[in-house]
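Asker: Below is a structure I'd like to ask you about.
Please treat every number below as a calculation from the coordinates, not as lab data. Model, not experiment: these values are computed from the prediction. Cβ placement follows ideal geometry from the backbone for every residue including glycine, while neighbour counts extend to all protein chains displayed.
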Amino acid sequence: MRKTAIVLLCLATFATACKDGAKKNENVLLQPFATPFQTPPFEQIKMSDYKPAFVEGIRQQEAEIEAIVNNPEEPTFENTVAALDRSGELLNRVASIFFNLQGANTSDEMQQLAMEISPLVTAHSDAINMNPKLFARIKALYDKKESLGLDSLEARTLELYYKDFVRGGANLNDTDKAALAAINKELATLGLQFGNNLLAETNAFILTIDKEEDLAGIPESLRAAAAAEAEKRGMKGKWVFTVQSPSIFPFLQYAQNRELREKLLMGYYMRGNNNNANDNKKIVSRMSNLRLQKAKLLGFDTYADYVIDVNMAKTSKAVFDFLGRVWEPALKVAKQELAEMQAIADKEGLGDKLQCWDWWYYAEKLRKQKYDLDENEMKPYLSLENVREGMFHVANKLYGITLQQRTDVPVYYPGVEVYEVKEADGSSLGLLYMDYFTRASKSGGAWMTEFRSYTEKNGKVELPLVSLVYNISPAAKGEPVLLSWDNTETMFHEFGHALHGFFTRGKYHRIAGTIPRDMVELPSQVMENWASEPEVLKMYAKHYQTGETMPDELIAKIQESGHFNQGFATVEYIAASLLDMEWNSITTEGDQDVEAFEKAAMDKYGLIPEIKPRYRTTYFSHVFDGGYAAGYYVYLWAEVLDADTFNAFKASGDIYNQELATKFRKYVLSEGGYADPMSQYIKFRGETPTEDALLQKRGLK
């Protein structure tokens, strides 16, 4: 997932922000950063620095906007659009640091501060979006854009800003503007509260085991990690499993104790739905009503219609139709998978129908039966270091870049690594932060974000500072970190987002790296394809003890099992996507019964009870606090593109085809925001993609 630190009118930039002639200020955020690459000096930043820095950043951008609207000269692209594009440097610098850390290394104090700061920033952004004088200048340019002599990038930038203002409420009357501002402010606060509640719920639930017989079936590496977790919590001699993905899903996969599987999975499924102080049901109901109000103010029937209007899909109907076309064959395959697993359970004498907490356990048995493949066979070859070097090597083969570790750059948490990314000629592309391990102060999931995006200013370039945040279980003391296959693909996925950040180019922030939400997962998902290629596995999959390359027999099993459990994986994903779309397609306000709404939505599509949506409503962070509202479908939409992209490499006979890599980098990764996204893709591929490659890739056709 690609996260932005905060949604502002302008994209994040990074620059020196002290006023000329101002006396020295002890607030480090208001001074130039005397660090390599002008990186944030995390250890010097005090919590008390943030709010004054936000206030000053807002003040500075307000002054910049006033200078634009009060300019006595006729509007020009340079004195209006370009000036707007350059504004807000300090505010975006501070926001990028604060909100990135609020996700990756938060605290009670930071969460409280976010609740104070977010409404201020949202109100400031709304004041810009709804500034009538500023919009009048932009509209005057837009109305005569054909006669201005703009080059293609200037024209694209003007067009996008004009649409941003319209979507931000610039055409509303004063009463409706005030209503929209109030809605945005409340939505920002509710989103933060949803995320805080989810983090608290995730940290609160643990499964403690004190009898070794209850660990039957669980691999030694997972037992060791659970013992280390227990010791960390002051329960030496016991084993603790959490609802963090690296802990819960291997437990579900291997634990023979069915009752404990149920207990742990229900702890995961019920997050935010326990009728306690961290319950998210009322927040969800209120947010869905507010989103509908916002959509109607802006002339749309539903919030989904509002969101998707600027995506590649264009309409909600196109999204529902697309999901439906994949749902039907996926559900059919999932039912076949269930029947095969039920047969195993019956043979073993279970004497009961399989339930949702049984799926991972019997799927692992089915994989062993069908392919003689146990994921534990793979893990010794997938050490964290090997996987990291493997994805670095793939990037080198495709694009000629290299990554070299830097130990002189400040980091925000012990163990975060920093790498300088360099072109083949040795010139720098920026810095990559890598934050691997789970902790109580980190939100769940994995994501890419930036402390600074690529910026061109006054003929000078400021290089990106990209951050990858994972949630991998740390190893027991003295043991290597061995990854699951899912972890491995996630490593490659987020690194694909990072490459997008490093390769982005553009004179104007508004078009530099800016592609629609349903295309933004293409750069990440396409990288996953290389992870499982035999040629690539032979390069990075080395046994952590012997250095032996993964055997051909095991690689063949991985290839043969590529379609395994894809009915389940596709159905649980589409179920979540449909749930997202249903929440954001309501047409009538009301006090929603969240559980009843979710059940009705899933019954509508015929979801079988043995499968739950990948994300249930009360912990659906993507949708209620992660910027993917009416947009969770984008991963599957982008998979149409990524499957088509990788097919081009495979069809060429060279998975590192330099000609294709160069074109993909140019038209998608570097210049993806320069024109209509599909036209950019066609410049790379030469034709419009179809769903065939996606269905074949997942074994659904």
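Asker: Label His563 and Asn396 with points 7 Å out from Cα along Cα→Cβ: what is the distance between them in nm?
Answerer: Rounded to a tenth, the inter-label distance reads 3.6 nm.
Asker: With labels modelled as points extended 7 Å from the Cα through the Cβ direction, what inter-label distance (nm, one decimal) is found for Ala182 paired with Met115?
Answerer: 2.2 nm
Asker: Please list, in order along the range 678-692, the HN-Hα scalar couplings obtained from phi with the Karplus expression 6.51 cos²θ - 1.76 cosθ + 1.60 (θ = phi - 60°), rounded to whole Hz, x for Gly and Pro.
Answerer: 5, 5, 5, 5, 5, 4, 6, 8, x, 7, 7, x, 10, 7, 4
Asker: To the nearest 20 debye, what is the magnitude of the charge dipole of the chain about its Cα centre, counting +1 on the Cβ of each Lys and Arg and -1 on the Cβ of each Asp and Glu? It would help to have the intermediate numbers written out before the result.
Answerer: Values: 79 positive and 98 negative charges, 151 e Å.
Result for the chain is approximately 720 debye, rounded to the nearest 20.
Asker: Continuing with this model, one more query. Before anything else, pin down the relative contact order of the chain: Cα pairs under 8 Å, at least 6 apart, normalised by residue count, whole percent. Write down the numbers at each step before the final one.
Answerer: Working: 1101 pairs, mean separation 116.6, N = 701.
Across the chain, relative contact order equals 17 percent.
Asker: Ok, one more. Using a Förster radius of 35 Å, what is the FRET efficiency between Ala600 and Arg258 based on their Cβ-Cβ separation? Nearest 0.05, please. Walk me through the numbers on the way to the answer.
Answerer: Values: r = 29 Å, r/R0 = 0.84.
My answer for the efficiency is 0.75.
Asker: Quick one: which residues, 5+ away or cross-chain, put their amide H under 5 Å from the amide H of Gly672? H built at 1.01 Å from N.
Answerer: Residues meeting the criterion, in which the H sits 1.01 Å from N, are Gly513.
Asker: Summing +1 for each Lys or Arg and -1 for each Asp or Glu, what net charge is found among the other residues whose Cβ lies under 12 Å from the Cβ of Leu215?
Answerer: Numbers: positive: Lys211, Arg223, Lys238; negative: Asp210, Glu212, Glu213, Asp214, Glu220.
Summing Lys/Arg as +1 and Asp/Glu as -1 gives -2.
Asker: Continuing with this model, one more query. Pairs of Cα atoms under 8 Å, at least six residues apart: use those to get the relative contact order of the range 57-157, whole percent.
Answerer: Values: 50 pairs, mean separation 38.1, N = 101.
Dividing the mean separation by the residue count of the range 57-157 yields 38 percent.
Asker: Mind sorting out which of (i) 25.9, 78; (ii) 25.3, 84; (iii) 25.1, 73 is the real Rg and Dmax of the Cα atoms in Å computed from the coordinates?
Answerer: Recomputing Rg and Dmax of the Cα atoms in Å here picks out (ii).
Asker: Suppose R0 equals 22 Å; then what is the FRET efficiency for Asn71 and Asp143 from their Cβ-Cβ distance, rounded to the nearest 0.05? Could the numbers behind the result be given before it?
Answerer: Details: r = 18 Å, r/R0 = 0.83.
With a Förster radius of 22 Å, E is 0.75.
Asker: Based on the Cβ-Cβ distance from Trp485 to Ala34, what FRET efficiency comes out when R0 is 51 Å, to the nearest 0.05? If you can, show how the numbers build up before the last one.
Answerer: Details: r = 43 Å, r/R0 = 0.85.
My answer for the efficiency is 0.75.
Asker: Once amide H atoms are built 1.01 Å from N in the peptide plane, which residues 5 or more positions from Leu429, or in another chain, come under 5 Å H to H?
Answerer: For Leu429, the qualifying residues are Val421, Lys422, Glu423.
Asker: To the nearest 20 debye, what charge dipole does the range 441-596 have about its Cα centre, counting +1 at the Cβ of each Lys and Arg and -1 at the Cβ of each Asp and Glu?
Answerer: 1120 debye
Asker: Arrange His509, His393, His124 by Cβ neighbour counts within 10 Å, fewest through most, would you?
Answerer: In increasing order of surrounding Cβ atoms, one gets His393, His124, His509.
Asker: How many nm is it between the label spots at Glu385 and Ser107, if each spot is 7 Å from the Cα in line with the beta carbon?
Answerer: It works out to 3.3 nm between the two label points.
Asker: While we're on this one: Run the numbers for Thr546 and Met47: contour at 0.36 nm per residue of separation, minus the present Cα-Cα distance, in nm.
Answerer: Values: separation 499, 0.36 × 499 = 179.64 nm, distance 4.69 nm.
Result for the pair: 175.0 nm of gain on full extension.
Asker: Quick check on the chain: of the DSSP beta bridges with both residues there, what percent are antiparallel, nearest 5%?
Answerer: Numbers: 25 of 32 bridges.
Around 80 percent of the beta bridges assigned by DSSP in the chain are antiparallel ones.
Asker: So how strong a dipole does the range 379-518 carry about its Cα centre when Lys and Arg Cβ are +1 and Asp and Glu Cβ are -1, to the nearest 20 debye? Write out the running numbers ahead of the final one.
Answerer: Numbers: 15 positive and 16 negative charges, 75 e Å.
Its charge dipole is roughly 360 debye.
Asker: Let me ask something else. May I ask for the angle, rounded to the nearest 10°, between helix 384-399 and the longest principal axis of the chain, with both axes built from Cα atoms and the value confined to 0 to 90°?
Answerer: 50 degrees
Asker: To continue, here is another question. Roughly how far apart, in whole Å, are the Cα centres of the range 604-651 and the range 337-400?
Answerer: Comparing the Cα centres of the range 604-651 and the range 337-400, I get a distance of 20 Å.
Asker: I would also like to ask the following. For the chain, find the longest principal axis of its Cα atoms and tell me its angle to the long axis of helix 47-69, 0 to 90°, nearest 10.
Answerer: Taking Cα atoms only, the helix is inclined about 40 degrees.
Asker: Which whole-angstrom value gives the distance between the alpha carbon centres of the range 447-511 and the range 137-184?
Answerer: With the range 447-511 and the range 137-184 each reduced to a Cα centre, they are spaced 31 Å.
Asker: HN-Hα J couplings of the range 198-204 from phi, Karplus 6.51/-1.76/1.60, θ = phi - 60°, integer Hz, Gly and Pro as x?
Answerer: Working through the residues one at a time gives 5, 4, 4, 5, 5, 6, 7 Hz.
Asker: Between the helical axis of 89-104 and the dominant principal axis of the chain, each derived from Cα atoms, what acute angle in degrees is found, rounded to the nearest 10?
Answerer: Orientation of helix 89-104: about 20 degrees from the principal axis.
Asker: Can you sort Asp49, Asp374, Asp593, Asp625 by how many other beta carbons sit within 10 Å, fewest first? Don't jump to the answer; show the numbers that get you there.
Answerer: Numbers: Asp49 19, Asp374 15, Asp593 12, Asp625 24.
Placing the least packed residue first, the sequence is Asp593, Asp374, Asp49, Asp625.
Asker: Further question on the same structure: Quick check: net charge around Val536, other residues with Cβ under 15 Å of its Cβ, Lys/Arg +1 and Asp/Glu -1? Working shown, then result.
Answerer: Numbers: positive: Arg388, Lys397, Lys538, Lys542, Lys650; negative: Glu389, Glu489, Glu528, Glu533, Glu535, Asp552, Asp654.
Net local charge, Val536 excluded: -2.
Asker: Which residues' amide hydrogens lie under 5 Å from the amide hydrogen of Lys457, considering only partners 5 or more residues apart or on another chain, with H built in the peptide plane?
Answerer: Glu462
Asker: If exposed means no more than 15 neighbouring beta carbons inside 10 Å and the site is in a DSSP loop, what's the longest run of the chain without any exposed GluC sites (Glu not before Pro)?
Answerer: The reported range is 74-347.
Asker: When Lys and Arg each count +1 and Asp and Glu each count -1, what net charge do the other residues less than 10 Å away from Met527, Cβ to Cβ, add up to? Each step should come with its number before you reach the end.
Answerer: Working: positive: none; negative: Glu489, Glu494, Glu528, Asp642.
After counting each charged neighbour, the total is -4.
Asker: Follow-up question, since we're still on this one. In which sequence would Ser467, Ser670 go, from the one with the fewest C-beta neighbours within 10 Å to the one with the most? Before the final figure, lay out each step's value.
Answerer: Values: Ser467 28, Ser670 20.
The most exposed by this proxy come first: Ser670, Ser467.
Asker: Tell me which of Thr202, Ser473, Ala170 sits at the most positive position along the dipole axis of the chain, charges placed on C-beta atoms (Lys, Arg +1; Asp, Glu -1).
Answerer: Ala170
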